[in-house]
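Structure first, commentary second.
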Amino acid sequence: MLLNWFKKNSVLAARIALFIIYFWFGFLKVIGFSPAGPLVGALFDRTISFVPFQMFYISFAIFECLIGILFLFPKLTRVALVLFFLHMITAFLPLICLPDMIWQTILIPTLEGQYIIKNIALIALAMEIGGSI
């Protein structure tokens with residue numbers, strides 16, 4: 001009985017979870033309270049520093065909020081998934097581009113590294129949603 005309920009509600013739960021995570025974390029960036037700010041800044045400096053940081057940071061934050069909102073609307077799932085996977089590319093870049101911030105030693109991530117690695121669970125949620133369309 002419980003497994004049937006899980007099966008019936010898993011996609012909705014995944015949509016709500018991705019909305020909460022993306023909107024919340026994006027909003028924290030918009031209002032200047034994200035603990036990920038230094039990580040985003042360091043990655044920015046190593047990659048696309050030709051754009052003013054504040055403009056990029058706010059745009060990136062709004063982009064995250066948008067991804068979260070799009071996941072709430074089943075008809076916009078394909079758009080949400082494309083934007084989500086583009087975001088995942090940028091989310092995993094610090095593993096390579098910022099090793100000093102991400103790894104204490106081999107296979108032992110810092111808190112920032114753990115923050116990035118947990119995105120594997122978000123990918124699984126997005127796959128669940130994608131598999132439902």
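The values are calculated or read from the model by the stated rules, or taken from the named source; none is laboratory data. Since we're looking at a predicted model, the values are computed, not measured. Every residue, glycine among them, receives a Cβ derived from its backbone with ideal geometry; neighbour counts consider all protein chains shown.
Taking the criterion of being more than 24 Å from Leu95 (Cα to Cα) and without any contact (Cβ under 8 Å) to a residue 24 or more places away in the chain, the residues of the stretch 9-43 that qualify are Asn9, Leu12, Ala13, Ile31. Could you identify the single residue in Phe23, Phe6, Phe56 that is within 20 Å of Lys118 (Cα to Cα) and either of a type in the set (A, V, I, L, M, F, W, C) or loosely packed, with under 15 Cβ neighbours inside 10 Å (or both)? Going through Phe23, Phe6, Phe56 in turn, just one is within 20 Å of Lys118 (Cα to Cα) and either of a type in the set (A, V, I, L, M, F, W, C) or loosely packed, with under 15 Cβ neighbours inside 10 Å (or both): Phe23.
Pairs linking a residue in the stretch 67-96 that is closer than 17 Å to Glu112 by Cα and in contact (Cβ under 8 Å) with a residue 12 or more places away in the chain to a residue that is part of a helix (DSSP H, G or I) and of a type in the set (S, T, N, Q), with Cβ atoms under 6 Å and 6 or more positions apart or on different chains, are Ala91/Asn119.
Checking Val30, Val11, Val82 one by one, the residue that is modelled with pLDDT of 95 or more, surrounded by fewer than 18 Cβ atoms within 10 Å (Cβ to Cβ) and under 18 Å from Ile120 (Cα atoms) is Val82 and no other. Number of residues in the stretch 41-78 that are under 20 Å from Ile20 (Cβ atoms), more than 15 Å from the chain's Cα centre (by Cα) and among the aliphatic types (A, V, I, L, M) equals 2. Does Phe73 qualify as being out of contact with any His (no Cβ under 8 Å at 6 or more places or on another chain) and among the aromatic types (Phe, Trp, Tyr)? Answer is yes for this residue. Of the candidates Val30, Val79, Val40, Val51, the single residue that is under 23 Å from Ala14 (Cα atoms) and among the β-branched types (Val, Ile, Thr) is Val79.
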